[in-house]
1. Mind counting the residues in segment 56-72 that are part of a helix (DSSP H, G or I), touching a residue at least 24 places away in the same chain (Cβ under 8 Å) and more than 17 Å from residue 113 (Cα to Cα)?
2. How about segment 35-59: which of its residues are over 12 Å from the mean Cα position of the chain (by Cα) and closer than 17 Å to residue 136 by Cα?
3. Are there any strands (runs of 3 or more DSSP E) wholly within segment 88-184 with 1 or more residues that are closer than 18 Å to residue 19 by Cα and charged (D, E, K, R), and if so which?
4. Since residue 13 meets every condition but one in (1) at pLDDT below 95; (2) in contact with a Gly (Cβ under 7 Å, 6 or more places away or on another chain); (3) aliphatic (A, V, I, L, M), which condition does it not meet?
5. Return yes when residue 72 is over 21 Å from residue 135 (Cβ atoms) and in contact with a Lys or Arg (Cβ under 9 Å, 6 or more places away or on another chain) and no when it is not.
6. Please tell me if residue 180 is surrounded by fewer than 12 Cβ atoms within 10 Å (Cβ to Cβ), in contact (Cβ under 8 Å) with a residue 12 or more places away in the chain and either out of contact with any strand residue (DSSP E or B) (no Cβ under 9 Å at 6 or more places or on another chain) or of a type in the set (Val, Ile, Thr) (or both).
7. Checking the condition of a type in the set (A, V, I, L, M) and more than 11 Å from the chain's Cα centre (by Cα), which residue from 24, 63, 73 passes?
8. Would you check if residue 103 is in contact (Cβ under 8 Å) with a residue 40 or more places away in the chain, closer than 23 Å to residue 134 by Cα and in contact with a strand residue (DSSP E or B) (Cβ under 7 Å, 6 or more places away or on another chain)?
Amino acid sequence: MLPNQQSYTSQPAGDGSFLKPETVLDALEIKEGMRVADFGCGSGFFAIPMAERAGRNGKMFAVDIQQSSLESVRSRARAKNLNNITLIWADLELPGASKIDETSIDLVLVTNILFQSENKKNILQEARHILKPKGKLAVIEWKEDTPLGPPRNFRIAKSALLNMIRNMEFSLEKEIDLGPTHYGLILIRQ
């Protein structure tokens, strides 16, 4: 996270205008038995329903730099009797930080953390490192033109993100319509 920067969550405001986890998860097509990871999991907004969809034969890796976020995920997982979540405290800007086995993950979700990072490419490379061939990387970030969210100079434009991953052996599978505040891209690891 950049110095002196406020954290902006994916959680909806009272009017529900931000991200809807079901819309995202339906687009990701998570199935029973999949191995999935949530980079920058926060309090588990996506990690918990991802773990539910992966089921008892699947595995969810919830990764965050803040211990308090991971404790929140742990508490929510216990309340739902989810035993398929592994919590990982890591700074994803550092190479190999997730400590997840190479080419072992079916899907990595990266939501609202790239705009906070000075080393965006390292985060994307870590996702690529742990993804299986043909595994999916889903990236969700703030739209450039929405009045909500972080300062515009911190945001990463969709075109800039696509340019960044161009030489990382990903191809664009599809875009996800996430409403007025965010864009979503689903990429396939080659």
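1. Quick first cut of segment 56-72, residues part of a helix (DSSP H, G or I) only: 67-72.
After this cut, where a residue has to be touching a residue at least 24 places away in the same chain (Cβ under 8 Å) as well, the list is 69-70, 72.
Restricting the remaining residues to those that are more than 17 Å from residue 113 (Cα to Cα) gives 72.
Residues in segment 56-72 being part of a helix (DSSP H, G or I), touching a residue at least 24 places away in the same chain (Cβ under 8 Å) and more than 17 Å from residue 113 (Cα to Cα): 1 in total.
2. Just the residues of segment 35-59 that are over 12 Å from the mean Cα position of the chain (by Cα), to begin with: 35, 43, 48-49, 51-59.
Residues satisfying the conditions are 35, 51, 53, 54, 58, 59.
3. Working: elements: 105-111, 131-142, 170-177.
Strands (runs of 3 or more DSSP E) meeting the threshold: 131-142, 170-177.
4. (2)
5. Details: over 21 Å from residue 135 (Cβ atoms): yes; in contact with a Lys or Arg (Cβ under 9 Å, 6 or more places away or on another chain): no.
No; evaluated as a whole, the condition is false for this residue.
6. Working: surrounded by fewer than 12 Cβ atoms within 10 Å (Cβ to Cβ): yes; in contact (Cβ under 8 Å) with a residue 12 or more places away in the chain: yes; either out of contact with any strand residue (DSSP E or B) (no Cβ under 9 Å at 6 or more places or on another chain) or of a type in the set (Val, Ile, Thr) (or both): yes.
Yes, satisfied.
7. Working: 24 fails: more than 11 Å from the chain's Cα centre (by Cα); 63 fails: more than 11 Å from the chain's Cα centre (by Cα).
Criteria check complete, one pass: 73.
8. Details: in contact (Cβ under 8 Å) with a residue 40 or more places away in the chain: no; closer than 23 Å to residue 134 by Cα: yes; in contact with a strand residue (DSSP E or B) (Cβ under 7 Å, 6 or more places away or on another chain): yes.
Taking the combined requirement at face value, the residue does not satisfy it.
The values are calculated or read from the model by the stated rules, or taken from the named source; none is laboratory data. Everything quoted here is computed from the prediction, not taken from an experiment. Note: ideal-geometry Cβ built from the backbone for every residue, glycine included; neighbour counts use all protein chains shown.
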